[in-house]
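The values are calculated or read from the model by the stated rules, or taken from the named source; none is laboratory data. In this text, all values refer to a predicted model and were calculated from it rather than measured experimentally. Cβ sites come from the backbone with ideal geometry, for glycine too, and all protein chains shown count toward neighbours.
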Amino acid sequence: MTQSYRLLHADDGAVSRALIFFGLVIAAALSLAVLFAVVFTKFFGLPAGQDDFMLTTVVIAACVASPMAGLAAQNQYRVDRYQTTLEAMASTDPLTGLLNRRSFKTLAEEELERMRRTQNSVYIALFDLDHFKQVNDTYGHAFGDRVLTSIANLSHAALRGPFDRLGRWGGEEFIILMSEVTQEQAHAVCERLRKRIAGADYTFNGKTTRISASFGVAKLRPEDGLTNCIEKADALLYEAKNGGRNRVRSEAKIRSAA
């Protein structure tokens, strides 16, 4: 069965369900209108004049519209909440709550389009936790997951609000998009984050450890594209690893003390 065939029949099912729901609402509205009309005339009699008739019609319509509006609003709220949940699940990493790889790429491509108009200066940083496998092997994967969550929270708090966007690139590797920064500023942001990661204690179930991170920072250029920029940042990250870990490397080979 082809994808287009499945999508076509899925649409048919959605239309059928919508028509059924619409029919049920109409039936309920008519039933309520008749019920209110019977009750009203039973207790108050038939309207004596045109003004009374109009008032009676308005009262009955209001009595019918209120529950129908409530039903429709409740249904729309549930649909909107479900849609929001699906969108969040599709765009975020389930463990850390950060942007996942796909949504980060989308955001970065949108930033590239803006750069072509504004000439804004943007840098990409990749950072990887040093010797993270040893943490998992020594303390277990639950402890490792807690470390990743703590790193995500610490990093998010250390960055510059709307100017920096943080994502989980995969495993123990994270990625940052920094907009409206110079090369020196981008390096300084990563250096500050490196120190915070290295200086924190990570505790879970009575066990505590420390961990460091290595960074690679590259400039995002519209003429080169996102993939090329990430490859440069990745190469600089491994240069930092090979240079002793727990350090930041940028395109200008700015050196920082571990």
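Annotation: of all residues in region 121-148 being in a helix (DSSP H, G or I) and β-branched (Val, Ile, Thr), the one that is farthest from Thr106 (Cα to Cα) is Thr138. Residue count for region 92-124, restricted to those that are over 20 Å from Glu223 (Cβ atoms) and either hydrophobic (A, V, I, L, M, F, W, C) or surrounded by 16 or more Cβ atoms within 10 Å (Cβ to Cβ) (or both): 9. Checking each residue in region 105-134 for being under 16 Å from Leu148 (Cβ atoms) and in contact (Cβ under 8 Å) with a residue 24 or more places away in the chain picks out Leu126, Phe127, Asp128, Leu129, Asp130, His131, Phe132. Out of Arg249, Arg165, Arg245, Arg194, I need the residue that is closer than 13 Å to Leu129 by Cα and in contact with a Phe, Trp or Tyr (Cβ under 9 Å, 6 or more places away or on another chain). Which one? After applying the criteria, what remains is Arg194.
The single condition among (1) over 17 Å from Cys229 (Cβ atoms); (2) touching an Asp or Glu at 6+ places or on another chain (Cβ under 6 Å) that Asn153 does not meet is (2). Residue selection: Arg221 fails the criterion of being modelled with pLDDT of 95 or more and touching a helix residue (DSSP H, G or I) at 6+ places or on another chain (Cβ under 9 Å). Hey, any hits in region 241-251 for a residue that's under 13 Å from Ile124 (Cβ atoms), in contact with an Asp or Glu (Cβ under 7 Å, 6 or more places away or on another chain) and among the small types (Gly, Ala, Ser)? For region 241-251, residues under 13 Å from Ile124 (Cβ atoms), in contact with an Asp or Glu (Cβ under 7 Å, 6 or more places away or on another chain) and among the small types (Gly, Ala, Ser): absent.
Mind checking which residues of region 107-156 are within 22 Å of Arg196 (Cβ to Cβ), more than 20 Å from the chain's Cα centre (by Cα) and small (Gly, Ala, Ser)? Matches in region 107-156: Gly144 only.
Has region 200-209 got any residue that is hydrophobic (A, V, I, L, M, F, W, C) and at pLDDT 95 or above?
yes
Say whether the condition of being among the hydroxyl-bearing types (Ser, Thr, Tyr) and touching a Lys or Arg at 6+ places or on another chain (Cβ under 8 Å) is met by at least one residue in region 195-202. Among the residues of region 195-202, at least one is among the hydroxyl-bearing types (Ser, Thr, Tyr) and touching a Lys or Arg at 6+ places or on another chain (Cβ under 8 Å), which makes the answer yes.
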